[in-house]
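See structure below.
The values are calculated or read from the model by the stated rules, or taken from the named source; none is laboratory data. Source: prediction; values computed, not measured. Virtual Cβ from ideal backbone geometry, glycine too; neighbours counted across all protein chains shown.
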Amino acid sequence: MSTHLFDLQGKVALVTGSTHGLGMAMARGLGQAGATIIVNGNSSQEKIDRALERYKADGIKAYGYKFDVSKESEVSRAIDQIEEGVGAIDILINNAGIIKRTPLLEMEVSDFKEVIDIDLVSPFIVSKHVVKNMIPRRKGKVINICSMMSELGRNSVGAYAAAKGGLKMLTQNMATEWAKHDIQVNGIGPGYFATSQTEPIRVDGHPFNDFIINRTPAAKWGDPDDLAGAAIFLSSKASDFVNGQIVYVDGGILATIGKPSNEA
Ligand code: GCO
């Protein structure tokens with residue numbers, strides 16, 4: 001079968017928060033399908049440089065841009081520099097995000113707002129500056145990285161769930177406003193993946209580790225590389241009439257109510 005429907009040769013993809021974790025796994029997938037990757041992070045230039053070496057070792061063309069996705073002036077400057085220096089952005093993956101695990105009654109308002117700012121307001125800011133240039137070109141793909149918490153609650157992650165639930169609705173609204181310009185906006189909702197973000201709740205003996213294995217029909221944590229297929233699909237011609245959908249890549253979590261812990 002020809003794979004041209006999924007070919008990303010000649011495309012430029014900006015993946016926010018792509019120096020590690022799920023962002024890097026999705027960006028590597030797009031790179032392996034032919035896209036040039038714009039690697040973004042905000043912690044340090046060294047971290048970006050180390051990530052670039054990893055992309056290049058895989059034969060992926062990649063450029064690094066350090067900016068804070070929550071600061072509009074930095075975002076706007078970076079998008080201009082990317083489009084002048086590398087080329088028009090065809091694909092945007094809003095992946096950068098944070099989590100704070102604190103019960104709501106113990107949470108400082110400033111911490112709640114920081115999570116909303118990075119996980120919900122930033123995808124709006126980055127999309128706004130990228131999509132205004134996609135509109136006259138009449139093409140573009142935007143993918144917002146949602147979560148199980150776009151659909152479900154869980155003790156201690158209220159701010160994150162509020163942001164990720166909001167991001168699902170923002171995805172539907174972006175699709176509503178931009179589909180007429182031939183721009184597709186969709187989401188990917190990862191289930192539970194083995195990354196540094198879930199490291200604290202995955203350590204051996206942590207009750208959450210057993211809980212997730214038991215709660216997931218596939219009976220394991222996801223491997224970040226499992227997200228590449230959905231990312232390639234939603235970035236490629238194969239999804240040109242798919243708009244406003246959230247594709248959950250979760251080993252079946254949302255399909256089931258779960259099972260008692262003593263049941264095989
Ligand atoms: C948690 C987890 C989640 C995941 C993920 C699930 O503490 O429950 O960290 O929030 O990271 O987003 O889809």
(request) Assess whether Val242 counts as being at pLDDT 95 or above and assigned to a strand (DSSP E or B). (result) no
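So is Met134 surrounded by 17 or more Cβ atoms within 10 Å (Cβ to Cβ), within 27 Å of Tyr248 (Cβ to Cβ) and in contact with a Lys or Arg (Cβ under 8 Å, 6 or more places away or on another chain) or not?
Against the criterion (surrounded by 17 or more Cβ atoms within 10 Å (Cβ to Cβ), within 27 Å of Tyr248 (Cβ to Cβ) and in contact with a Lys or Arg (Cβ under 8 Å, 6 or more places away or on another chain)), Met134 does not qualify.
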(request) Would you check if there is a residue in segment 145-167 being under 15 Å from Ile93 (Cβ atoms) and acidic (Asp, Glu)? (result) no
(request) Give the residues of segment 60-82 that are over 26 Å from Val115 (Cα atoms), surrounded by fewer than 16 Cβ atoms within 10 Å (Cβ to Cβ) and of a type outside the set (S, T, N, Q), sorted by residue number. (result) Lys61, Asp80
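Of all residues in segment 154-177 being within 16 Å of the chain's Cα centre (by Cα) and within 18 Å of Gly191 (Cβ to Cβ), which is farthest from the ligand (Cβ to nearest atom)? Give the derivation first.
Quick first cut of segment 154-177, residues within 16 Å of the chain's Cα centre (by Cα) only: 160-161, 163-172, 174.
So of that shortlist, the ones also within 18 Å of Gly191 (Cβ to Cβ) come out as 160-161, 163-165, 167-168, 171.
Working: Tyr160: 6, Ala161: 8, Ala163: 10, Lys164: 7, Gly165: 12, Leu167: 11, Lys168: 12, Thr171: 15 Å.
Residue satisfying both the conditions and the ranking: Thr171.
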(message) Need the failing condition index for Ala57 against (1) farther than 17 Å from Asn95 by Cβ; (2) buried (at least 24 other Cβ atoms within 10 Å of the Cβ), just the number.
(response) (2)
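Tell me, yes or no, whether segment 185-202 has at least one residue that is over 19 Å from Ala230 (Cβ atoms), of a type outside the set (A, V, I, L, M, F, W, C), near the ligand (Cβ under 9 Å from one of its atoms) and at pLDDT below 95. It would help to see each step written out before you state the result.
Step one: filter segment 185-202 for residues over 19 Å from Ala230 (Cβ atoms), giving 196, 199-202.
Subset that is of a type outside the set (A, V, I, L, M, F, W, C): 196, 199-200, 202.
After this cut, where a residue has to be near the ligand (Cβ under 9 Å from one of its atoms) as well, the list is 200.
Cutting the leftovers down to at pLDDT below 95 gives us 200.
Looking through segment 185-202, at least one residue is over 19 Å from Ala230 (Cβ atoms), of a type outside the set (A, V, I, L, M, F, W, C), near the ligand (Cβ under 9 Å from one of its atoms) and at pLDDT below 95.
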(message) Take Gly205 and tell me if it is within 11 Å of the ligand (Cβ to nearest atom) and part of a loop (DSSP other than H, G, I, E, B).
(response) no
(message) Of the residues Val131, Val109, only one is under 29 Å from His181 (Cα atoms) and not polar (S, T, N, Q); which?
(response) Val131
